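Worksheet: the structure to be examined is printed underneath.
The values are calculated or read from the model by the stated rules, or taken from the named source; none is laboratory data. Please read all numbers here as calculations on a predicted model, not as lab measurements. Every residue, glycine among them, receives a Cβ derived from its backbone with ideal geometry; neighbour counts consider all protein chains shown. Please note that ligands, DNA and RNA were not included when accessible areas were found on the heavy atoms of the full protein model with its side chains. Shrake-Rupley method; radii C 1.70, N 1.55, O 1.52, S 1.80 Å.
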Amino acid sequence: MKYSFFPLIVFSVLVACKENKSINHQSTSNMEGSEHGKAHKHWSYSGETGPEHWAEIEVDSDCNGKFQSPINIVKYKENGNLKAIDLYYADETRIHDVTNNGHSIQYNFETGDYILVNGLKYDLKQVHFHEPSEHTIDGVRYPLEMHLVHMDDSGQYTVISVMAKEGEGSIPFDFLESFLPLKAGESKKVDRPFNMNDNLPELKDYFFYTGSLTTPPCTEGVNWYIFKEPITVSLEQVDLLKNLMPINNYRNEQPHNGRQLFVTAN
Ligand SMILES: [Zn+2]
């Protein structure tokens, strides 16, 4: 009698793992080493698999590294050498698909949009969201943070971060959200053109520092460009994303450990 539960338990565990695996597999295949990619086990945003445990769960990751993200953007220095980011976002780059990878809602872009940083080309790979924001600016946490994940040919990451505050509704968001809702593990073909320029703040002043991916494997050496000016989205637009993503899908603040933070000079 005592043992009759055993197969049931094993079965439940197997099902749970399999479900999770299929989510991970799907997200990995869609993302080509994107921010939420690579073989992760059961990491999450809360409890025993939450951010404080990522380094234990992901043994070969950088999650316990010294130069991690996100951070509180504070004690930054004006730097006159920081130039405007060269954004080559076409008005008709296609979004291939949108996926709910169980950690975030992510739009995967077809190759076309790119940025130039110090003469190096980084292709826009995908855009996803955190609710509320991961980075804080002078201690302020925004309702939403959008990550534009770029990668060069050698696999080096540059992420542009756009904060969103509550206000007037965003027309680009209306378009992006028209493909939602999606259940965790679900993807939907988009195959429609999108102009990323419409989704950015007018002023392109930014903070710059070097950190990591904010999800396992927490890879370091990531260039972070965080626009100072937020865009506005409506409460309904925030809520739609919020309700499809894990609650508080942000990683806790990481120590600066002597890193220098810069801001573009006015
Ligand atoms: Zn992110």
Practice prompt. Kindly write out, for the range 64-77 in residue order, the coupling ³J(HN,Hα) from the Karplus curve 6.51 cos²θ - 1.76 cosθ + 1.60 (θ = phi - 60°), rounded to whole Hz, with x marking Gly and Pro.
Written response: 9, x, 8, 10, 9, 10, x, 9, 7, 7, 8, 6, 8, 10
Fill in: Förster radius 25 Å - calculated FRET efficiency between Ala84 and Gln156 (Cβ-Cβ, nearest 0.05)
0.75
Discussion item. Considering only protein heavy atoms and a probe of 1.4 Å, how much of the accessible area of the range 116-156 is carbon and sulfur, as a whole percent?
Written reply: 46 percent
Worksheet item: On average, how much accessible surface per residue is there in the range 179-266, in Å², for a 1.4 Å probe, leaving out ligands, DNA and RNA?
Response: 45 Å²
Discussion item. Going by average Cβ density within 10 Å per residue, which order do the peptides 104-113, 207-216, 66-75 take, highest to lowest?
Written reply: 207-216, 104-113, 66-75
Fill in: Selection of trypsin sites (Lys or Arg not before Pro), the range 87-142, meeting DSSP coil and at most 13 other Cβ within 10 Å
none
Item to complete: Write down the accessible area per residue of the range 108-158 in Å², having rolled a 1.4 Å probe over the full set of protein chains.
Response: 35 Å²
Practice prompt. Working with all protein chains in place, sort Tyr225, Tyr114 by solvent-accessible area computed with a 1.4 Å probe, largest first.
Written response: Tyr114, Tyr225
